[in-house]
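What follows is a set of notes on a single structure, which appears directly below.
The values are calculated or read from the model by the stated rules, or taken from the named source; none is laboratory data. Treat the numbers as computed from the prediction; the structure is a model and nothing was measured. When we count neighbours, we look across all protein chains shown, and the Cβ atoms used for this are built from the backbone with ideal geometry, even at glycine. Remember, those area values only see protein heavy atoms, side chains included, never the ligands or the DNA or RNA. Shrake-Rupley method; radii C 1.70, N 1.55, O 1.52, S 1.80 Å.
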Amino acid sequence: TKAWLIDGALRFENYSDFGSVLTGKLATRIKLGSNFNWRASISSGFRAPSLQQINFSNTLTSFSGGQLVQSRIARNGDAVTKAAGIPDLKEEKSVNISTGFSWKPAKGLTFTVDGYMVKVKDRIVLSGLFSADDASLPPALTSQLQAIGVSTAQFFGNSVNTTNYGIDIVVDYYKKWDN
């Protein structure tokens with residue numbers, strides 16, 4: 001109608017190594033007066049791990065405490081990563097919700113206020129360092145690190161769930177000046 005707009009979308013994607021996913025969005029805008037609109041939306045999201053997050057591997061040699069030490073970033077699926085109990089990377093999934101309004105109290109003057117929440121599940125991050133000398137780690141991991149001659153290792157994993165909140169406030173004023 002002239003006072004109510006509703007919008008929807010669906011997206012289907014198929015990844016050869018992560019399967020299929022269906023994401024969607026639903027949005028609305030309601031005209032509550034000649035100069036005031038309220039709007040809201042909810043959507044889902046998906047991000048497959050990048051090739052670098054899955055396959056990156058690096059061994060770095062440095063000095064620590066006067067000693068030459070080697071540290072390794074192990075790729076996902078590497079024997080070190082498996083010994084640490086890190087499963088294969090999976091996709092990140094998100095839910096996004098927003099609501100706000102726009103108000104035009106005078107000619108050339110507009111206020112908009114929008115609040116949002118973004119929730120990401122299974123975010124992919126680089127772990128902290130795991131030491132070959134740490135007795136609290138699984139013996140399979142420490143023996144694997146010692147076998148390849150590295151002091152520490154780290155890897156990418158689906159280790160974090162995050163929620164971000166925010167608000168955007170915009171005041172816009174324009175005035176046309178004649179020459």
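Brief remarks follow.
- Residue in region 3-22 that is closer than 30 Å to residue 104 by Cβ and of a type in the set (Lys, Arg) present: no
- All conditions in (1) crowded, with 17+ Cβ neighbours inside 10 Å; (2) closer than 30 Å to residue 33 by Cα hold for residue 110, with the sole exception of (1).
- Test: residue in region 44-61 that is surrounded by 17 or more Cβ atoms within 10 Å (Cβ to Cβ) and over 30 Å from residue 16 (Cβ atoms): no
- Condition check for residue 73 on (1) assigned to a strand (DSSP E or B); (2) of a type in the set (A, V, I, L, M, F, W, C); (3) more than 25 Å from the chain's Cα centre (by Cα): one failure, at (3).
- Condition met for residue 113 (of a type outside the set (Lys, Arg) and either within 20 Å of residue 56 (Cβ to Cβ) or touching a Ser or Thr at 6+ places or on another chain (Cβ under 7 Å) (or both)): no
- Within region 9-22, residues that are in contact (Cβ under 8 Å) with a residue 40 or more places away in the chain have Cβ atoms under 7 Å from residues that are surrounded by 10 or more Cβ atoms within 10 Å (Cβ to Cβ) and assigned to a strand (DSSP E or B) in these pairs: 21/13; 21/46, counting only partners at least 6 apart in sequence or on another chain.
- Listed by first and then second residue, the pairs linking a residue in region 150-179 that is farther than 29 Å from residue 92 by Cβ and outside any strand (DSSP E or B) to a residue that is at pLDDT below 95 and open to solvent by 100 Å² or more (accessible area, probe 1.4 Å), with Cβ atoms under 8 Å apart and 6 or more places separating them unless they lie on different chains, are 151/133.
- Residue 89 meets all of the listed conditions (1) modelled with pLDDT under 95; (2) over 30 Å from residue 20 (Cβ atoms) but one, namely (2).
- Cβ separations smaller than 6 Å between residues 6+ apart or across chains give the following pairs from region 103-126 residues that are in contact (Cβ under 8 Å) with a residue 12 or more places away in the chain to residues that are of a type in the set (Lys, Arg) and part of a strand (DSSP E or B): 110/104; 121/93.
- Selection status of residue 87, surrounded by 17 or more Cβ atoms within 10 Å (Cβ to Cβ), of a type outside the set (Phe, Trp, Tyr) and assigned to a loop (DSSP other than H, G, I, E, B): no
- Residue pairs meeting the criteria (Cβ under 8 Å; at least 6 apart or on separate chains; first more than 16 Å from residue 44 (Cβ to Cβ), in region 87-101; second among the hydroxyl-bearing types (Ser, Thr, Tyr) and open to solvent by less than 40 Å² (accessible area, probe 1.4 Å)): 99/41; 100/112; 101/112
- Restricting region 65-81 to residues that are touching a strand residue (DSSP E or B) at 6+ places or on another chain (Cβ under 9 Å) and open to solvent by 60 Å² or more (accessible area, probe 1.4 Å), the residue that is modelled with the lowest pLDDT: 68
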